[in-house]
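S.K.: Got a structure here, written out as structure tokens. Questions coming.
Every read-out reported here was derived from the displayed coordinates using simple, explicitly stated rules and does not represent laboratory data. Everything numeric in this text was worked out from a predicted model, so none of it was measured. Because the Cβ atoms are built from the backbone with ideal geometry, glycine has one as well, and the counts that use them run over all protein chains shown.
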Amino acid sequence: MAKKISLEKEMEVLSTFSEIGSVSKTSSKIGVSLSTVYRVLNDHNIQLKPITYQFDKYKGSDCFTDFNREQDSYFYGLILTDGNISSPESNARKIQIALQQKDRHILESLKSYLKSDNKLVDFEKGELRYTHFGVGSETLYNRLVDLGCSWRKSTKEKLPKFEWENNRHFWRGVIDGDGCLMYMSGVPKIRLIGSLEVTEGFNLFCWKHCFTQKRTLIKHPKTEGLFTIDFNGEEALQIAKVLYHDCNLKLDRKYRTYLTFVDHFESNCGNMKKGVSKTKYGTYQATIKCDGIRLHLGTFKTYEEALAERLCAEVKYYGKTFGESSWHSMLFQL
């Protein structure tokens with residue numbers, strides 16, 4: 001919320017802005033926040049120039065054309081969930097996205113990917129600080145629309161018209177946009193909030209590549225058409241590993257949470273084989289997932305007995321064993 005200032009200070013804001021014509025420079029010169037300058041200008045019905053874009057000046061002619069590339073897939077997922085494109089009824093053909101200032105680095109990467117000369121713009125909204133980036137291009141706009149990107153956000157998000165089912169970079173962009181990695185009561189959790197189509201797609205991706213059980217989607221309590229999907233504990237760790245291991249593009253703050261997930265698992269489970277865990281009674285239990293269903297294989301006095309049962313089950317259900325490796329390599333062998 002913008003801090004109230006004296007009438008004398010308001011006059012100084014108006015005078016300085018009239019002379020300089022810049023909100024940020026006015027803020028710096030007289031020592032008030034950006035939100036205060038915006039409020040004063042709004043209270044006095046002073047119209048600000050809209051953010052402008054260089055139209056069709058971006059040089060990334062091959063952007064969003066090859067989804068085997070990490071950049072194409074990741075940035076499409078991010079724009080789909082956290083960006084927006086202008087309505088076809090308007091004359092503009094704009095693509096824009098605003099993120100918290102702590103995530104500015106990913107907008108710098110997007111600007112570089114698009115080979116755009118447009119500047120990143122920092123602004124405040126209440127007490128929060130954001131960075132905005134946008135580009136105007138009919139070529140790029142039409143390409144995104146053809147891929148399935150919509151100007152109707154959130155509840156109308158559609159899965160893209162490229163191979164998304166096996167594309168971890170696309171899903172990392174989606175999670176960086178509309179998902180979260182967190183701890184709740186000491187348990188790792190991954191959550192995605194989105195349209196029915198996108199959350200169902202993520203459910204399928206996780207089941208297929210992270211060996212999770214398929215989830216029942218939960219309707220959002222406040223917004224019709226939005227759904228929530230949650231994964232907890234070891235399943236959240238598996239998903240985070242598949243999404244964030246050995247990647248170049250990601251939000252740094254979510255990547256740090258992923259590393260915390262890994263540390264949590266290793267400090268609690270060490271290098272025990274996936275599917276073998278120690279119980280609170282000092283015994284060991286073995287489990288395996290088949291067709292998304294976790295099967296309990298038994299409880300044993302020693303780790304070696306539980307491991308042997310797990311290896312036999314791997315041969316039975318997968319036709320091969322995956323060795324006594326830690327969960328890190330196990331995820332990529334399955």
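S.K.: Over 24 Å between Cα atoms, which of 158/222; 111/189; 158/289; 161/289 qualify?
M.R.: Beyond 24 Å: 111/189; 158/289; 161/289.
S.K.: Okay, moving on. For residue 316, give me every one of the aspartates and glutamates with a C-alpha distance below 14 angstrom, ignoring sequence neighbours fewer than eight places off in its own chain.
M.R.: Qualifying aspartates and glutamates at Cα under 14 Å: 291.
S.K.: Would you mind ranking 202, 67 so that the residue whose beta carbon has the fewest other beta carbons within 10 Å leads the list?
M.R.: Fewest to most other Cβ atoms nearby, the residues stand as 67, 202.
S.K.: Let me ask you something else. Can you classify segment 74-214 as rounded, prolate or oblate using the Cα gyration tensor, where a ≥ b ≥ c are the square roots of its eigenvalues, rounded means a/c under 1.5, and otherwise it's prolate if a/b beats b/c and oblate if not?
M.R.: Note, shape of segment 74-214 comes out oblate.
S.K.: If I compute Cα extents along the principal axes in Å from the structure I just sent, which labelled value in [x] 96, 60, 39; [y] 64, 52, 34; [z] 80, 44, 35 lines up?
M.R.: Correct label is [z].
S.K.: Return one number: the angle in degrees, 0 to 90 and rounded to the nearest 10, between the long axis of the Cα atoms of helix 34-43 and the longest principal axis of the Cα atoms of the chain.
M.R.: 50 degrees
S.K.: On to the next question. Quick check: the angle from helix 252-269's long axis to the longest principal axis of the chain, C-alpha only, nearest 10 degrees?
M.R.: Here the helix axis deviates by roughly 20 degrees.
S.K.: Let me ask something else about it. Report, by chain and number, residues whose modeled amide H sits under 5 Å from the one on residue 157, excluding near sequence neighbours (fewer than 5 apart, same chain).
M.R.: The list, which skips near neighbours in sequence, is 195.
S.K.: Please work out the C-alpha center-to-center distance from segment 5-40 to segment 273-311 and express it in whole Å.
M.R.: Rounded to whole Å, the Cα centres lie 65 Å apart.
S.K.: Please state the relative contact order of the chain as a whole percent: Cα pairs under 8 Å, 6+ residues apart?
M.R.: Here the relative contact order equals 12 percent.
S.K.: Between helix 168-178 and the chain, what is the angle of the helix's C-alpha long axis to the longest principal axis, kept within 0 to 90° and rounded to the nearest 10?
M.R.: 50 degrees
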